[in-house]
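Each value in this text was obtained by applying a stated rule to the coordinates, not by laboratory testing. All of these numbers come straight from a predicted model, not from anything done at the bench. Cβ coordinates were reconstructed from backbone atoms using ideal geometry, including for glycine residues, and neighbour counts include every protein chain displayed.
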Amino acid sequence: MKIVIAPDSFKGSIRAADAAAAIGRGVKRALPGAETILVPMADGGEGTLDSLTRFSGAKAKVRVTDPLGRPVDAEYGLIHGGSTCVVELASASGLELVTAEERDPLRTTTYGTGEIIRRALDAGCRQFIMAIGGSATNDGGAGIMQALGLRLLDEAGQPVGRGGLELQRVAGIDMGGMDARLAESTFVIASDVQNPLLGPNGASHVYGPQKGATPEMVAMLEQGMRVWADRIQEATGLRVHDLPGAGAAGGVGAALLAFFKAGMRRGIDIVIEHSGFKGHLEGADLVITGEGRMDAQTASGKTPMGIAQEARQRGIPVIALAGSVGPGIGPLYEAGILSVHSIVNGPMALEEAMARAGELLELSAEQVIRTFTGSRHG
């Protein structure tokens, strides 16, 4: 029996590669003779870089700026023989780079991600995949643009600082110093987020609190983001205020769509296309996928949904494992997922479940394989 194991990371708990390995061990305990193919996946957030470079790619290390302006060692990927660069925003501007006490979207900046792009341009890259999930920021992508030569000016014609709070002070945008190589470059934005930039479903209101924003801070961020959106429209002619996807990664989607030759695609589709996943499905009898929490958001286009849709085209059943299972998963069954299982096998605190994720994935995988093979032979 050939089993393809293609989970996402379990956020804050276990990386996709380690989750796949744990599931593989469980499968082998139940079915020692099974052929297991491990294909760690991602949908535009953390782990996308690893997924895209795992089988045929390389990584380059760069020293850039973290969300709070400190030096950090980040990396970007090169795939397709070096013709395409993969930039993972979380590598330089991710939430995991700041402690819970340090989270402050009024101050955090995407400047380091812009530095990665600049270094990749120096290396000759002109085609980019931008994985923008997992940000610690709510600066509308202004930091990226500042690192690439865009000047954001206050009423006195002086450059404003970095971070979400500074957006309120932007009175004009000077595009004259923007890196000229961007005009020769194309960007594919990997994201499963369709939120607009502004409003109750926008970047500040929906994602700001996850990054440390209090209600008072959300109001300030929203005000700054509206100013930023107005200035973007004046400079480029593009109205990003209510543009679907513009609110992704604290508004990074807005900046990329406005200032780059860029288009947005569902992250899991990009990973499926560039990771060799389709080829691994040939001759497969079963696919096992999963992520930390499966609920209605999963059905909107996260990894398990994309995996199920791809496998269904070939008539391959899919089983999903999750740290927790919430409401709204009905569409997953319609997409081709046979069953969804929580790996938590008894009463335990969240911290314990996250710490034991590898062990729990292994145990759960063994049980679902015993059930699956037993039902086929019954």
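Residue separation times 0.36 nm, minus the C-alpha to C-alpha distance between residue 236 and residue 371: what's the value? Kindly include the intermediate steps, with their values, before the conclusion.
Details: separation 135, 0.36 × 135 = 48.60 nm, distance 5.71 nm.
Extra length available between residue 236 and residue 371 comes to 42.9 nm.
What whole-number value in cubic angstrom gives the convex hull volume per residue for the C-alpha atoms of the stretch 48-267? Please list the in-between numbers first.
On the way: hull volume 22.9 nm³, N = 220.
Measuring per residue, one finds 104 Å³ for the Cα hull of the stretch 48-267.
Quick check on the stretch 48-267: of the DSSP beta bridges with both residues there, what percent are antiparallel, nearest 5%? Can you show the working numbers first?
Details: 17 of 31 bridges.
Percentage antiparallel, nearest 5: 55.
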Span from the the stretch 273-310 Cα centroid across to the the stretch 174-245 one, whole angstrom: 29
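Apply the a/c threshold of 1.5 to the C-alpha gyration tensor of the stretch 1-45 and tell me whether it is rounded, prolate or oblate.
Numbers: a/c = 4.21, a/b = 1.95, b/c = 2.16.
Cα axes put the stretch 1-45 in the oblate bin.
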Which Cα, out of 300, 229, 250, lies furthest along the positive dipole direction of the chain (beta carbon charges, K/R +1, D/E -1)? 300
What residues qualify as long-range amide H neighbours of residue 264, i.e. H under 5 Å apart, gap of 5 or more or another chain, H built at 1.01 Å from N? 189
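Please get the size of the charge dipole for the chain, origin at its Cα centre, with Cβ charges of +1 on Lys and Arg and -1 on Asp and Glu, quoted in debye to the nearest 20. Don't skip to the answer; put the middle values down first.
Working: 35 positive and 42 negative charges, 158 e Å.
Approximately 760 debye in magnitude.
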With a 10 Å radius around each residue's Cβ, average the other Cβ atoms per peptide and rank 20-26, 123-129, highest first. 20-26, 123-129
Of 211/278; 261/302; 28/59, those spanning more than 29 Å from alpha-carbon to alpha-carbon: 211/278; 28/59
As a check on your grasp of the helix formula, calculate [θ] at 222 nm for the chain: sum -39500 (n - 2.57) over DSSP H runs of n ≥ 4, divide by the residue count, round to the nearest 500. -11000 deg cm²/dmol
